[in-house]
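Just below is one structure, and these are the notes that go with it.
The values are calculated or read from the model by the stated rules, or taken from the named source; none is laboratory data. Note that the structure is a prediction, hence the values are computed from the model and not measured. Note that each Cβ is placed from the backbone with ideal geometry, even for glycine, and that neighbours are counted across all protein chains shown. Accessible surface is based on the protein model in full, side chains and every heavy atom, while ligands, DNA and RNA are left aside. Shrake-Rupley method; radii C 1.70, N 1.55, O 1.52, S 1.80 Å.
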Amino acid sequence: MENRVLKYFLIVAREQNITKAAEILHVSQPALSRQLMQLEEELGAKLFIRGKRNITLTDEGLYLRQKAQEIIDLTEKTEQEFARGLTSLSGVISIGMGETAASSYLADLIYEFREEYPDVRFEIISGNVDGTKEQLDKGLLDIGILLEPTDFSKYEFIRLPVKDTWGAVVPSKCPLCKKEYVTAEDLKDRKIFMSNRAVNHSLFSSWFGEYYNPKNIYLTVNLLYNAAMFVSKGMGCAVTLDGATQLYNHPDLNFRPLYPKIEQTSVLVWKKNQIVSGCVLKFIDFIRGVNSPACAITD
């Protein structure tokens, strides 16, 4: 597969019309149709359902659209890094992370680093842990910020001096707002919103103990924003990290920590045995220098 043909495919998938796509690409419609048919032949799969006016993607086409975008993104990222030079102290550092207390800590690090290296730009990609790890593994991110415990077999890492505390986000009129802490018994009869990762983590089934009931997990989310909206409507409560709530100064919501306390430490990770640009290496060394030897650990 040629990158040029994959780009053609992506434009056609976006426009859902070969004629419009041909106009955008400045190629003839027959030439574009021929390229697409050759791509289908090469892959041995039907990528489009061709209608009278529009075309839609088959399941194989949807899969290729995702993979093609990843291939193009990675190719362009690599070309940009070589154009700048792998040892250059300019360029883009891409960091994937979720809604945690590490956001504030990272903001301070980036500000201080850019004061010294103003030609370095940062790209922050928000997402959950699984999405961040997937993009790291594919080379689409330079760095990720994850929560412990996690599997470090594929990564080098620096443990950050930042901890998140788990708690419950509840409506302001909820009786739980009067409590300093929220216990498993407090939540046993309530609709609960939490992340898929948390639902499947033994940490929480252990914390709930005898009150653990999967049926109480009313819905799952990957980030807090939508869950917070549901809580504000009185639909239930969200079990989440305190770091995710720091910017949600909503008059109808309150955060109460769990008891017994559950804390998780943030770690900055990058893929083992992966060649990275000079600016990424410099940023990693910078973070090593900021953190004390007790905090900075690589494996």
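The requirement of being in contact (Cβ under 8 Å) with a residue 60 or more places away in the chain and of a type in the set (Lys, Arg) is fulfilled nowhere in segment 225-235; no residue meets it.
Within segment 48-62, take every residue that is within 18 Å of Ala21 (Cβ to Cβ) and in contact with a Lys or Arg (Cβ under 9 Å, 6 or more places away or on another chain) and give me the one that is surrounded by the most Cβ atoms within 10 Å (Cβ to Cβ). Going through the qualifying residues, I end up with Gly61. Across segment 118-167, the qualifying residues are those that are within 18 Å of Ala102 (Cα to Cα) and part of a loop (DSSP other than H, G, I, E, B), and the one among them that is most open to solvent (accessible area, probe 1.4 Å) is Pro149.
Summed over segment 57-112, residues that are modelled with pLDDT under 85 and in a loop (DSSP other than H, G, I, E, B) total 6. Using the structure shown, decide if Asp189 is assigned to a helix (DSSP H, G or I), on the phi < 0 side of the Ramachandran plot and either of a type in the set (D, E, K, R) or open to solvent by less than 30 Å² (accessible area, probe 1.4 Å) (or both). It is false that Asp189 is assigned to a helix (DSSP H, G or I), on the phi < 0 side of the Ramachandran plot and either of a type in the set (D, E, K, R) or open to solvent by less than 30 Å² (accessible area, probe 1.4 Å) (or both). Here Val280 passes the criteria (1) of a type in the set (Val, Ile, Thr); (2) surrounded by fewer than 20 Cβ atoms within 10 Å (Cβ to Cβ); (3) within 22 Å of the chain's Cα centre (by Cα) except the one numbered (2).
The residue that is nearest to the chain's Cα centre (by Cα), counting only those in segment 1-32 that are of a type in the set (Gly, Ala, Ser) and surrounded by 17 or more Cβ atoms within 10 Å (Cβ to Cβ), is Ala13. In segment 265-274, which residues are surrounded by fewer than 21 Cβ atoms within 10 Å (Cβ to Cβ) and of a type in the set (S, T, N, Q)? If the condition is that a residue be surrounded by fewer than 21 Cβ atoms within 10 Å (Cβ to Cβ) and of a type in the set (S, T, N, Q), then Thr265, Asn273, Gln274 are the ones that fit.
The number of residues in segment 229-280 that are part of a loop (DSSP other than H, G, I, E, B) and aliphatic (A, V, I, L, M) comes to 5.
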